[in-house]
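The values are calculated or read from the model by the stated rules, or taken from the named source; none is laboratory data. This one's a predicted model, so the numbers in the text were calculated from it and none came from an experiment. Virtual Cβ from ideal backbone geometry, glycine too; neighbours counted across all protein chains shown. Ligands, DNA and RNA are stripped out before the accessible areas are found, and what is left, the full protein with its side chains, is counted by its heavy atoms. Shrake-Rupley method; radii C 1.70, N 1.55, O 1.52, S 1.80 Å.
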Amino acid sequence: MKAFTKLYDELDSTTSTNEKITALKKYFTNAPADDAMWAVLILTSRISKRVLTSRSLRESFLRITKYSNWLYEESYSQVGDTAETLSLLLQSLDLARHESIAPGETSDKSLSNWLEVDIPELAKIKDEDQRAEKLLSFWKELTPLEIFILNKLMTGGFRVGVSEKSVVRALSEVFNLETDQVSHRLTGATDPGAENFKRLISKEKLESLPSQPYPFCLAYAWSERTEKDWDSQRWCIEWKYDGIRSQIIRRAGAIWIWSRGEDDISVSFPDIAELFAALPDGTVLDGEIVIIKDDQIQSFQELQKRLGRKKVSALTLKNTPAAFIAYDCLETGHEDIRQISLRERKQILEKLMTPLLSKKIRLSPTLNAENPEQVEDLRALSREKQAEGVMIKDWSSSYPVGRKTGYWWKNKVDPLTLDAVLLYAQAGTGRRANLYTDYTFALWSENKELIPFAKAYSGLDQDEINQLDYWIRRHTKEKFGPVRSLEPFHVFEIGFEGIAASNRHKSGIAVRFPRILRWRKDKKFDEADHLTTAFKLLDGTP
Amino acid sequence: MKARAWHKIWNIKTVNNLVRATSEGLYCEPGNFFIDPWKPVQTALITHAHSDHAHAGSAQYFCAEKCLPLLKHRIGHENKYHALKYGEKFKIGDTVISFHPAGHILGSSQVRIEYKGKVWVVSGDFKRGEDPSCDEFEVVHCDVFISEATFALPIYRWESGEVTAKKIFDWWQSDLERPSLLFCYALGKSQRVLAELKKFTDKKVYLHGAVENLTEIYRKNGIDLIDTAPVASMEKGYSFKGDLIIAPPSAHRSTWMKRFKDPQTAFASGWMQVRGVRRRKGYEKGFVLSDHADWIELNRTIEQTGAKTVYLTHGKTDVLERYLTEKGYEVRLFKTEYEDQEEASS
């Protein structure tokens, strides 16, 4: 734990990529393989399993220390993070180990030991008093920073300020490997264990595990720079679908579906998996999963009903019929074909797919544009076609690893927008702790009430955030715990990608990816948009 | 002070208080003087030379002897000054006043006011931790204690200055290929760091112009500091590779910083206790080092003074108010214009 804590501290206290890589290399050079594998999984956000909720961590703390609830809440509102608040309060109560005690004076449990033995054992304890006792015994042997890390590991979603690219680079430099190789082996890796680390850094050419996907190629935003020397022969244009980017893996007699976030989502889409049984073994396809009803691609909201469930019920399967739109082929006849051109890959794809084509398995059509203006026209048409824009790919390009400039571009439709009134604010977390940065926006109803319709966290720069924070503190009507209700005053232009009817929200609508586009200081709050305007948008979009 | 605490501000008309808050500052009527007034007055007693406590324009100033050179530097040499030794009693009007060390910065004082057998103490800003650059805080028994509350939350707990200085030293030594820029307040914090660093090294430290003059005043008053040189004294092209440079926070991301190629940056302040604050301010490294009392020190100090009534001036006053009230203290708030000296966190 000490070595990992030191690594965390070093990564956290520099903004220089080189320094971060140096720290990573130092760690990977010395760490035992099982710890190193855990570290890889943690640093690249591949494990985010929650063993305890933040709430139960807090409850345990309050129970064992008899700490006053309000004082905890005041502290939390200053820190904005449960794991960190607890580490600081434990320090204040002398229930943490003093930092200045030299390493070696107390025994140090390895990262693997914590993650494989101590934390799972803690999770098994049902009795709350016993669990609190156990937690306290953990905390007492750790420094405040170690407590913070342990708490984060238990509550899941631990984010460390380092990119996957840096981790890959450090590993490849320490173990003398190609970065693409490490990157590929890491794709789809989710399991700890020394063996898995050895696989990751092996010098030999390894058969990849049958389930392992390829790293996804990611697109850059289309820019005017690239329009200058437009050549209609060079570019392959396709719709950009608002679904789940996925790889279909047909290997070893089985089928896996991987999402771009490198989750195995096979269980969520058994209807799709089943259809690909007819695909020849040793095939990998790249495409998009969407929900199609009455030949219409449905909103992303519909797609989400499939996710996060251990088993999808027959009713859900019936109500949300999934389809796969294929646009690339990465492997055929057990052979990696990422190096051949997109044109050739498309030909192979078509041949493979033709016998399978149906309502549920489709090929992504290629569109025509003679000039950049026609690309714009297509883009403008995309909502009508239930797409969120167009993709522009180089016909002659191989399938690159990760985001590499020049091959794949995306040109998305402009977001839908509404002018809404800021109605509630809540302090953010992490970097935004103790700053009011989580905003709720409202639209006018027919009877002149402001009805919340969207929450947004991003879109303002630091100056605007500070300015707004200052205003919020002085124009609070009421406080409900961490939330402040505000005098209706400020109007913001809110952009979002999609809008769908929803009976879970008072407003009757749910929007996708809402964010602040502009602070409309020119508008008074009674000039903000009405809900009826939002309902009109419903018809124009998927 | 938070807006919601305003309604609790002591109503000055209804109570016969020795010290009360006015629009000019804290006022003592029987002595007809103000403590750290933010507007010009006839007689001003100054607790310490930080700019939110020491304002120019008053007719006469009283301060501790060790505060005088800093005060003169800050508000001018021409004013009428009365400097008292720590503990020296002086009659002003119907009151007897004296200054006692507050441990905040060089010359910082608590003001003790005695009137008709009652003793009030105004703490100014104070800390309890050891600091080789100023006199240690003295506990003064009183009936009413007027305290700051800058860091009045239990998450604030300081390690000793020496331990933190060692961390600063290690950080500096960890990368001798780059300049190390440490940002901290020009008056007090910088000199505390310079005094602590002397325990670990005799290397030279370079100073931003704003830190330099104040450091000289410390030296002239017998505070033992590590060797320093002004950044400006080095010839053009000198790289500062492997050097430690101390500068005020206002220089962070300023054009002044361009002089240093690829520096590592850190900020020394109590606010650095919270990770999110450090990241927001854009410093790579944060060192938790404060010249204010932490939560435990605040509470211990209030207990030690024996006061049953406590007034709070600035900082997290609402938290400390509730906490002390639950413990049975009589707690009141004063509205002042003192800042959370180490810069507001919000």
### Task
Evaluate the following for A:GLN181: is it farther than 30 Å from A:LEU89 by Cβ and either assigned to a loop (DSSP other than H, G, I, E, B) or in contact with a Leu (Cβ under 6 Å, 6 or more places away or on another chain) (or both)?
no
#### Entry: Subset of the stretch A:308-366 (residues that are within 26 Å of the chain's Cα centre (by Cα), among the charged types (D, E, K, R) and not in a loop (DSSP other than H, G, I, E, B))
A:ASP328
### Query
Out of curiosity, is A:LYS448 open to solvent by 60 Å² or more (accessible area, probe 1.4 Å) and on the phi > 0 side of the Ramachandran plot?
yes
### Query
On the given criteria, is A:ILE64 over 20 Å from A:TRP139 (Cα atoms), open to solvent by less than 60 Å² (accessible area, probe 1.4 Å) and either among the hydrophobic types (A, V, I, L, M, F, W, C) or facing chain B (nearest Cβ under 10 Å) (or both)?
no
### Message
Can you tell me which residue is most open to solvent (accessible area, probe 1.4 Å) among those in the stretch A:138-187 that are more than 20 Å from A:ILE47 (Cβ to Cβ) and aromatic (Phe, Trp, Tyr)?
### Response
A:PHE175
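In the stretch A:312-371, which residues are among the β-branched types (Val, Ile, Thr) and either touching a helix residue (DSSP H, G or I) at 6+ places or on another chain (Cβ under 8 Å) or closer than 26 Å to A:SER396 by Cβ (or both)?
Let us first name the residues in the stretch A:312-371 that are among the β-branched types (Val, Ile, Thr), namely A:312, A:316, A:320, A:325, A:332, A:337, A:340, A:348, A:354, A:361, A:366.
Hits for the stretch A:312-371 are A:VAL312, A:THR320, A:ILE325, A:THR332, A:ILE337, A:ILE340, A:ILE348, A:THR354, A:ILE361, A:THR366.
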### Task
Within the stretch B:180-214, work out how many residues are in contact with a strand residue (DSSP E or B) (Cβ under 9 Å, 6 or more places away or on another chain), small (Gly, Ala, Ser) and open to solvent by less than 20 Å² (accessible area, probe 1.4 Å).
3
### Task
Might you let me know whether the stretch A:51-73 holds any residue that is more than 23 Å from B:ARG280 (Cβ to Cβ), under 24 Å from the mean Cα position of the chain (by Cα) and of a type outside the set (A, V, I, L, M, F, W, C)?
yes
### Message
Take A:GLU335 and tell me if it is out of contact with any Gly (no Cβ under 7 Å at 6 or more places or on another chain), open to solvent by 20 Å² or more (accessible area, probe 1.4 Å) and not assigned by TED's automatic domain parsing to the domain that holds A:PHE513.
### Response
yes
### Task
Pull up the stretch B:296-346, narrow it to residues that are charged (D, E, K, R), farther than 23 Å from B:CYS184 by Cα and open to solvent by less than 40 Å² (accessible area, probe 1.4 Å), then point me to the one that is modelled with the lowest pLDDT.
B:ASP318
### Query
Would it be correct to say that A:LEU24 is in a helix (DSSP H, G or I), within 14 Å of chain B (Cβ to nearest Cβ), hydrophobic (A, V, I, L, M, F, W, C) and farther than 18 Å from A:MET154 by Cβ?
no
### Query
Restricting attention to the stretch B:307-315, does a residue exist that is within 14 Å of chain A (Cβ to nearest Cβ) and not aliphatic (A, V, I, L, M)?
yes
### Within the stretch A:485-524, tally of residues that are within 30 Å of A:TYR72 (Cα to Cα) and either touching a Cys at 6+ places or on another chain (Cβ under 6 Å) or open to solvent by less than 20 Å² (accessible area, probe 1.4 Å) (or both)
2
### Task
Confirm whether A:GLY389 is in contact (Cβ under 8 Å) with a residue 40 or more places away in the chain, surrounded by fewer than 16 Cβ atoms within 10 Å (Cβ to Cβ) and not assigned by TED's automatic domain parsing to the domain that holds A:LYS506.
no
### Query
Can you name every residue in the stretch B:284-295 that is open to solvent by 20 Å² or more (accessible area, probe 1.4 Å) and more than 9 Å from chain A (Cβ to nearest Cβ)?
B:VAL288
#### Entry: Complete set of residues in the stretch A:263-279 that are open to solvent by 70 Å² or more (accessible area, probe 1.4 Å), acidic (Asp, Glu) and part of a helix (DSSP H, G or I)
A:GLU274
### Task
State which residue is most open to solvent (accessible area, probe 1.4 Å) when the search covers only the stretch B:136-179 and only residues that are away from every other protein chain (no Cβ under 13 Å), farther than 21 Å from B:ARG322 by Cα and among the aliphatic types (A, V, I, L, M).
B:LEU176
